[in-house]
Amino acid sequence: MVFKNDRLLLIHRNTSICSQWELPGGKIKYFEHPTTAARREMEEELDIRVEIQKLFCINNFTMAANNYIYYNYYAKYKTGALKLMENNLFDSYGFFEIDHLFSNRKDLSPNINMLVQKFIKITL
């Protein structure tokens, strides 16, 4: 999770299967550490380098009979100009206030919905 001025960086997936806002990230390769995968995915999807700071939470959910486990890390931007690298999957990116995400939940990935709930609990 990369923040800028207290806003969370999200990317918009727009494919024939789904259209939703989600965190940059992806699958962990065999024998790859989750933090290494997080750094790699930021480079592959947005052409930026980040420093992983700490684990925020681990989420899991089931969708279409598949179980997904997400490691959500706080990350600090280091270098690179934000640009979409996988135009066949993503059509935009943006920085969003957590409060805005909570009020606009219809186009968020299941992982972001759970993440927003965790943020709300922590800040109450």
- Considering segment 54-82 alone, what residues qualify as being charged (D, E, K, R) and in contact (Cβ under 8 Å) with a residue 40 or more places away in the chain? Lys76
- Is it the case that segment 19-26 has a residue that's of a type in the set (A, V, I, L, M, F, W, C), part of a loop (DSSP other than H, G, I, E, B) and touching a residue at least 12 places away in the same chain (Cβ under 8 Å)? yes
- Among (1) in contact with a Ser or Thr (Cβ under 8 Å, 6 or more places away or on another chain); (2) on the phi > 0 side of the Ramachandran plot; (3) among the acidic types (Asp, Glu) - the single one Asp107 does not satisfy: (2)
- Cβ pairs under 6 Å, 6+ apart, first in segment 83-98 and within 15 Å of Ile48 (Cα to Cα), second at pLDDT 95 or above and part of a loop (DSSP other than H, G, I, E, B): Lys83/Asp47; Met85/Asp47
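The values are calculated or read from the model by the stated rules, or taken from the named source; none is laboratory data. Given the structure is predicted, the values throughout are model-derived calculations rather than measurements. When we count neighbours, we look across all protein chains shown, and the Cβ atoms used for this are built from the backbone with ideal geometry, even at glycine.
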